[in-house]
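Shown next, in structure tokens, is the structure this report addresses.
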Amino acid sequence: MIKIIEKYKLGPGMNFALLDAPLIAESAEPGQFVIVTIDEKSERIPLTIADFDRENKTISIVFQEMGKGTHRLANMQAGDFLYGVLGPQGNPSVIHENKDVIIIGGGIGIAPVFPIARKLTAHGNRVTSIIGYRNKDYVFWEDKMNAVSSSLLIATNDGSYGEKGFVTDLLKKEIESGKNIDEVIAIGPPIMMKAVSDMTREHSIKTIVSLNSLMVCGMGMCGACRVTVNNEIKFTCMDGPEFDAHQVDFNELMQRLGTYKNDEQKCFEDWQEENNGC
Ligand SMILES: Cc1cc2nc3c(=O)[nH]c(=O)nc-3n(C[C@H](O)[C@H](O)[C@H](O)COP(=O)(O)OP(=O)(O)OC[C@H]3O[C@@H](n4cnc5c(N)ncnc54)[C@H](O)[C@@H]3O)c2cc1C
Ligand code: FES
């Protein structure tokens, strides 16, 4: 059982939780994730390790309420116990040294880019962070991202905070400014990662994305997380979650993510009804 030490809302439908997880905190690295189970019957929810503190033996997760699993998790409070947290799973981010790196986080994807940006900066890289939100109500972790970036650029879709537009608009400006860019790392909705990948491919800029494919076991046994990378089948949980963006079949990824949409919706509605909409 894993205790929730702290839990609060970061914005509409967005939650932060600090977990007492000494063994995971001890070995976690940026880029890795955990599989959370709420009780013995609940589904398994893969979530990126948004932060870890080896001294205090804690890890942080940041999650968006999507369906039944994440809504149930959002209803839990500090002091509650999770049935299980498996991890750290997946391969850590590959961190180079002394490079010019652009880090891109979209929405909830800003949380997983934070530890990557922190480690890149600690290894002497010059990190330009571009983060994008729907509007000003969704802004979170601006201060944390600022602390680990050489420069921080912010966009909101409606222009209510930072520049109006998408992260790709800001990326385009950075590319057109002619400054050196050794690598781009992007985490966010698949459609955003695809748009970043399409843009950087044109300029031959190496780009890494972290894939959020459907996952069940998280340890290479079920095949649910199958993705096509460079025309080969890969398992996101074992071979990823980070891949060379220019080799990822994003259309297949997005199509597979929607496979169970109707069942998920029905499951969520049934659960809401059983719980009087809470
Ligand atoms: C490696 C990895 C890291 C992730 N990190 C985060 C994170 O840090 N924060 C965050 O908010 N979300 C993250 N996700 C996505 C998160 O796991 C899903 O939003 C969650 O599982 C949805 O469950 P649900 O029961 O609430 O929704 P459901 O109603 O079951 O599904 C809603 C949608 O979420 C996706 N989804 C459903 N089940 C899964 C599953 N088992 N695995 C992956 N996607 C699923 C599908 O697109 C689905 O249509 C991550 C996914 C992966 C694979
Ligand atoms: S989630 Fe089961 S093989 Fe990857």
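When the helix-only estimate is applied to the chain (DSSP H runs of n ≥ 4, each -39,500 (n - 2.57), divided by the residue count), what is the mean residue ellipticity at 222 nm, nearest 500 deg cm²/dmol?
Value at 222 nm, helices only, nearest 500: -8500 deg cm²/dmol.
Determine the per residue accessible area of the stretch 100-257 with all protein chains present and a 1.4 angstrom probe, expressed in square angstrom.
43
If you build the Cα gyration tensor of the stretch 64-147 and take the root of 5 times each eigenvalue, what three semi-axes come out, in whole angstrom, biggest first?
Listed largest to smallest, the semi-axes of the stretch 64-147 are 28, 18, 11 Å.
Equivalent ellipsoid semi-axes for the stretch 1-150, as square roots of 5 times the alpha carbon gyration tensor eigenvalues: give them largest first, rounded to whole Å.
Each semi-axis is √(5λ); the values are 26, 18, 12 Å.
Sticking with the crude label model, points 7 Å out along Cα→Cβ, report the distance from ARG54 to SER27 in nm, one decimal please.
In this crude spin-label approximation the distance works out to 1.4 nm.
Determine the share of the chain's accessible area contributed by carbon and sulfur atoms, expressed in whole percent, with a 1.4 angstrom probe.
49
Give, to the nearest whole percent, the P(r) tail of the stretch 2-89 beyond 18 angstrom, counting all Cα pairs.
Summing the P(r) tail past 18 Å for the stretch 2-89 gives 35 percent.
Under 12 Å from the Cβ of GLY67, count the other residues' Cβ atoms, weight Lys and Arg +1, Asp and Glu -1, and hand me the total.
In short, -2.
Please go through the residue pairs LYS7/LYS119; LYS144/LYS173; LYS172/LYS194; LYS68/LYS194; LYS99/LYS179 and name each one whose alpha carbons sit more than 18 Å apart in this structure.
Where the Cα-Cα span goes over 18 Å, the pairs concerned are LYS7/LYS119; LYS144/LYS173; LYS68/LYS194.
Can you give the FRET efficiency for TYR161 and LYS9, using 1/(1 + (r/R0)^6), R0 = 22 Å, r = Cβ-Cβ distance, to the nearest 0.05?
0.80
Could you give the angle, 0 to 90 degrees to the nearest 10, between helix 167-176's Cα long axis and the longest principal axis of the Cα atoms of the chain?
Once rounded, one gets 20 degrees.
Counting only heavy atoms of the protein chains, get the accessible area per residue of the stretch 2-89 (1.4 Å probe) and round it to a whole Å² value.
Spelled out: the 1.4 Å probe surface of the stretch 2-89, per residue, equals 44 Å².
Test of understanding: express the Cα radius of gyration of the stretch 200-278 as a ratio to 2.2 N^0.38 Å, with N the residue count.
1.39
For the stretch 149-274, what does the alpha-carbon gyration tensor say about shape, rounded, prolate or oblate, given a ≥ b ≥ c as the root eigenvalues, a/c under 1.5 as rounded, and a/b over b/c as prolate?
It is oblate, given that a/c is not under 1.5 and a/b is not larger than b/c.
Taking the Cα centre of the stretch 100-257 as origin, work out the dipole magnitude from +1 charges on Lys and Arg Cβ and -1 charges on Asp and Glu Cβ, in debye rounded to 20.
In debye, rounded to 20, the stretch 100-257 gives about 220.
With all distinct Cα pairs included, what does the Kirkwood hydrodynamic radius of the chain come out to in Å, to one decimal, could you say?
Hydrodynamic radius (Kirkwood, Cα only) of the chain equals 19.2 Å.
The values are calculated or read from the model by the stated rules, or taken from the named source; none is laboratory data. Not measured: the values here are computed from a predicted model. Methodologically, a virtual Cβ is constructed for each residue, glycine included, from the backbone with ideal geometry; neighbour enumeration extends over all protein chains shown. Ligands, DNA and RNA are stripped out before the accessible areas are found, and what is left, the full protein with its side chains, is counted by its heavy atoms. Shrake-Rupley method; radii C 1.70, N 1.55, O 1.52, S 1.80 Å.
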